[in-house]
Amino acid sequence: MRPLAWSMKTLIPITGLLVAASCVERQPVAPTQSRVTARAPALKADQASAPGRQVVSLNGNESAAFDQAVTTLGGTVERRHPEIGLVTIQGLPASAVSTLAARPDVASVDPDVTVQWIPAPEGAFQLYATQDVSAAAGTNQSGAAFFPFQWNMHVIQAPAAWAASQGGKGRLVCDLDTGIDPDHIDLVGRVDLTKSTSFVASEPTIQDFNTHGTFVSSIITSNGRGLASVAPNATLCAIKVLGTSGSGSFADVIAGILFATAEGADVINMSLGAIVDDNQPGVKGLIHALQKAVDFAHSHGVVVVVAAGNEGLNLDAIPSNFEEIPGQLQNVVSVGATAPFNQANFDLLASYSNFGGKTGLTLVAPGGDLLAGGNQFDLVLGACSHTQVTLPFSCGKNSFLLGAGTSFAAPHVAGAAAEMPSHPGASAANVLPLCLQKSADNVGPQSIFGAGRLDVLGAVTCN
């Protein structure tokens with residue numbers, strides 16, 4: 001994420017702009033082994049406790065003797081996920097792992113891994129005070145203070161979709177992220193706190209100390225005061241799986257997916273991702289467990305939308321031991337990013353966006369970009385959490401940021417999925433993604449843009 005603060009009051013050029021914008025590639029390039037390796041984050045064993053957390057995949061149901069066996073070996077069962085045959089345990093000595101793994105009811109024991117799922121903010125920023133604007137009435141959010149500057153909403157035909165749908169009324173979209181600021185003027189009343197929770201042990205609140213989750217969520221739905229959103233009548237649930245730094249563990253993301261499914265989510269948005277190396281110890285097992293969680297959500301009719309990643313790679317051609325997670329999982333809608341240059345040519349592939357229409361991404365949506373000679377309004381707008389501590393300034397409850405990333409492309413698609421006509425049971429997870437693809441606008445080769453760029457009006461009127 002590359003956020004730049006701006007105000008609802010003063011639309012003047014932002015000063016102090018130090019986002020890296022030159023020497024970036026506008027045309028996709030083929031990845032090399034060294035280029036992919038350089039973009040793969042250093043994974044580390046979960047440091048939440050000593051000696052750490054283990055993720056245990058079971059053979060069938062948990063046996064009656066499993067709990068006692070864990071206790072005898074010095075560990076403690078932390079969470080149970082019987083719906084996917086998974087248990088997480090804490091405190092198991094390294095010397096006892098092989099003993100537990102040898103049990104007939106255990107398929108694998110893998111150390112949980114913490115990943116830097118979202119990048120730290122870049123650059124220096126300028127913040128201005130904001131003015132108060134009345135909330136929008138109904139689904140029409142064209143009166144939002146910054147709507148004239150939200151090229152992203154215009155490109156995807158969001159205004160026409162508002163008129164052609166119920167704006168996501170009655171739909172629950174769960175955002176798995178750094179939390180949400182439920183007190184922001186554009187998010188007050190939009191978050192169902194009874195269906196929200198945190199799986200980050202060090203941050204047992206949904207309050208967003210990073211601001212990434214708040215920014216993302218405000219694109220999905222908002223009160224239409226500062227900014228217009230894709231699905232004005234949808235409801236959010238905040239599931240914190242990433243801490244203030246933007247890092248989080250596989251086990252916490254898995255728990256978040258299963259929690260959202262149990263709470264009746266219609267859509268899950270995961271604006272997070274990383275290139276991981278399958279050759280690192282335990283990673284294959286963790287990816288398998290994450291896939292099982294996604295498959296469980298999919299089987300219950302949940303549309304799972306994810307960011308395709310910001311490494312600028314052709315995911316169809318990366319070395320076989322690397323994967324973009326969760327962007328290359330099965331049963332997800334993986335979203336790449338587009339952006340204009342100097343407020344023209346609005347369907348360019350963003351300079352940072354991963355691409356690849358076979359295994360890399362499903363479709364693309366506005367994510368914003370800022371290149372040398374470009375315009376700050378080539379970025380996209382989102383809300384800033386008033387409790388964030390990651391930026392070199394304070395945000396109020398009526399502050400907004402400009403940013404770029406596939407993280408911000410994904411919520412456009414999540415909002416569109418929430419607006420689309422309902423389908424009974426598990427069929428929604430199949431029908432809605434097909435409609436998203438079928439209705440997408442053709443903006444370039446499928447090998448780069450997947451099905452095309454999101455068209456919300458086409459999606460909500462899809463039969």
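The values are calculated or read from the model by the stated rules, or taken from the named source; none is laboratory data. Quantities reported herein were computed from a predicted structural model and do not represent experimental measurements. Reconstructed Cβ throughout: ideal geometry from the backbone, glycine too, with neighbour counts over all protein chains shown. These area figures cover heavy atoms from the full protein model, side chains too; ligands, DNA and RNA do not enter into them. Shrake-Rupley method; radii C 1.70, N 1.55, O 1.52, S 1.80 Å.
Only one entry of Ala5, Ala20 meets the criterion of being in a loop (DSSP other than H, G, I, E, B) and either at pLDDT below 90 or exposed (fewer than 13 other Cβ atoms within 10 Å of the Cβ) (or both), and that entry is Ala20. Listed by position, the helices (runs of 4 or more DSSP H) enclosed by region 348-451 that each have at least 1 residues that are open to solvent by less than 20 Å² (accessible area, probe 1.4 Å) and of a type in the set (A, V, I, L, M) are 406-419, 428-439. Scanning region 276-314 for residues that are among the β-branched types (Val, Ile, Thr), closer than 20 Å to Asn354 by Cβ and modelled with pLDDT of 95 or more gives Ile287, Val294, Val304, Val305, Val306. Every listed requirement among (1) modelled with pLDDT of 90 or more; (2) over 25 Å from the mean Cα position of the chain (by Cα) is met by Gly138 save one, (1). The number of residues in region 154-169 that are touching a residue at least 12 places away in the same chain (Cβ under 8 Å) and surrounded by fewer than 23 Cβ atoms within 10 Å (Cβ to Cβ) comes to 8. The residue list Ala417, Ala372, Ala440 contains one member that is more than 21 Å from His212 (Cβ to Cβ) and at pLDDT 95 or above, which is Ala440.
Each row is one residue, and each column tells you yes or no for (1) modelled with pLDDT of 95 or more; (2) within 19 Å of Glu263 (Cβ to Cβ); (3) open to solvent by less than 30 Å² (accessible area, probe 1.4 Å); (4) part of a loop (DSSP other than H, G, I, E, B).
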{"position": "Ala144", "(1), (2), (3), (4)": "no, no, yes, yes"}
{"position": "Gly189", "(1), (2), (3), (4)": "yes, yes, no, yes"}
{"position": "Pro204", "(1), (2), (3), (4)": "yes, yes, no, yes"}
{"position": "Phe209", "(1), (2), (3), (4)": "yes, no, no, yes"}
{"position": "Arg225", "(1), (2), (3), (4)": "no, no, no, yes"}
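One residue alone among Val332, Val364 is within 30 Å of Phe296 (Cβ to Cβ), aliphatic (A, V, I, L, M), in contact with a Gly (Cβ under 6 Å, 6 or more places away or on another chain) and at pLDDT 95 or above, and that residue is Val364. Please identify the pairs in which a residue from region 85-98 that is more than 18 Å from Ser249 (Cβ to Cβ) has its Cβ atom under 9 Å from the Cβ atom of a residue that is among the small types (Gly, Ala, Ser) and assigned to a strand (DSSP E or B), counting only partners at least 6 apart or on another chain. From region 85-98, the pairs are Gly85/Ser57; Gly85/Ala107.
Residue-level analysis places Arg80 among those that are at pLDDT 50 or above, over 30 Å from Ile318 (Cβ atoms) and under 26 Å from the mean Cα position of the chain (by Cα).
With respect to (1) in contact with a strand residue (DSSP E or B) (Cβ under 9 Å, 6 or more places away or on another chain); (2) on the phi > 0 side of the Ramachandran plot, the lone exception for Gly224 is condition (1). Annotation: of all residues in region 292-301 being more than 15 Å from the chain's Cα centre (by Cα) and open to solvent by less than 20 Å² (accessible area, probe 1.4 Å), the one that is farthest from Ala231 (Cα to Cα) is Ala293. How many of the residues in region 355-387 are within 18 Å of the chain's Cα centre (by Cα), among the polar types (S, T, N, Q) and under 15 Å from Gly179 (Cβ atoms)? Total meeting the criteria: 1. Residues in region 262-291 that are open to solvent by less than 20 Å² (accessible area, probe 1.4 Å) and within 16 Å of the chain's Cα centre (by Cα): Ala265, Val267, Ile268, Asn269, Met270, Ser271, Leu272, Gly273, Ala274, Ile275, Leu290.
Just one of the numbered conditions (1) touching a His at 6+ places or on another chain (Cβ under 7 Å); (2) part of a strand (DSSP E or B); (3) over 19 Å from Leu363 (Cβ atoms) is not true of Val304: (3).
Residues in region 232-261 that are surrounded by 24 or more Cβ atoms within 10 Å (Cβ to Cβ), among the β-branched types (Val, Ile, Thr) and touching a helix residue (DSSP H, G or I) at 6+ places or on another chain (Cβ under 6 Å): Ile239, Val241, Ile254, Ile257. Before we move on, is Gly309 touching a residue at least 40 places away in the same chain (Cβ under 8 Å), within 18 Å of the chain's Cα centre (by Cα) and on the phi > 0 side of the Ramachandran plot? Yes. Scanning region 79-106 for residues that are buried (at least 17 other Cβ atoms within 10 Å of the Cβ) and assigned to a strand (DSSP E or B) yields a total of 8.
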